[in-house]
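Contents: one structure, followed by commentary.
The values are calculated or read from the model by the stated rules, or taken from the named source; none is laboratory data. Everything quoted here is computed from the prediction, not taken from an experiment. Using ideal geometry, Cβ is built from the backbone for each residue, glycine included, and neighbour counts are taken over all protein chains shown. Ligands, DNA and RNA are excluded from the accessible area calculation, which covers all protein heavy atoms including side chains. Shrake-Rupley method; radii C 1.70, N 1.55, O 1.52, S 1.80 Å.
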Amino acid sequence: MPRKGYNFDQEPSELSTRIFEADEADRNVMASAGLQLLALVLALCGVFGVLAATLLPNWKVNVDAGSNIITAIVQLQGLWMDCTWYSTGMFSCALKPSILSLPAHVQAARATMVLACVLSALGTCTATVGMECTRLGGDTKTKSHASFAGGLCLVSAGVSGFIPMVWYTKEIIANFLDLTVPESNKHEPGGAVYIGFISAMLLFTSGMIFCTSCMKKNAEAWLHPPEQQPIPTTKPEGNSAYTLKDYV
């Protein structure tokens, strides 16, 4: 079946070139759509991971064995609550006191993690509108702008989620290596910190994919602008020019 939009009266070499360019453009579009779909999956995993890391109470963990196994307890401290898990199976949690009484790194972690949750959700929704495999967002230019804006939000969310993880881990390690701190008050990084690190990396990676896919399309459009069809000029048949000698 002949391809729609091609004039088969053209030279064979020119027609083959146009068909090859169209096939190559289709392959590029499919590859870009596949990358955007991968970025969307990474972004969704990052959104759920950042949300889970924000709410989990095990940002730092302290295991106190005591004199025997019966008195062994696990102390968990998070951004919003502190929990204690006894060896007998009892588990109790208590909300943290006033914000002003918390250390500076905990207050900063609260603010930046909430910001990361908001930016990641907003970036995922915006990037979905700008994806090539969706029917949202209008024309190609509008979808390209939406994809770039969503990528920026996801990159910002990744950076916002990465900063508190580094700061919080630094405080835990500094406290653990301090010889003046008793062993019972020393903690280790908990599972929420590792989840936050991985989620921040996923968000940053997905945002970079969305941004680069948009920039690549814009660069191709600038480097290879669409060829303008020459305007056919028809010469008048016969000698239709009038001269003064035709008039008496």
_Of residues in region 177-211 being more than 20 Å from the chain's Cα centre (by Cα) and open to solvent by 90 Å² or more (accessible area, probe 1.4 Å), the one nearest to C153 (Cα to Cα)_ = E188
_Pairs where the first residue, in region 114-142, is over 18 Å from T205 (Cα atoms) and the second is among the aliphatic types (A, V, I, L, M) and part of a loop (DSSP other than H, G, I, E, B), C-beta under 7 Å, 6+ apart_ = V129/L136
*Can you name the residue in region 127-146 that is of a type in the set (S, T, N, Q) and farther than 28 Å from R110 by Cα and, of all such residues, is least open to solvent (accessible area, probe 1.4 Å)?*
S144
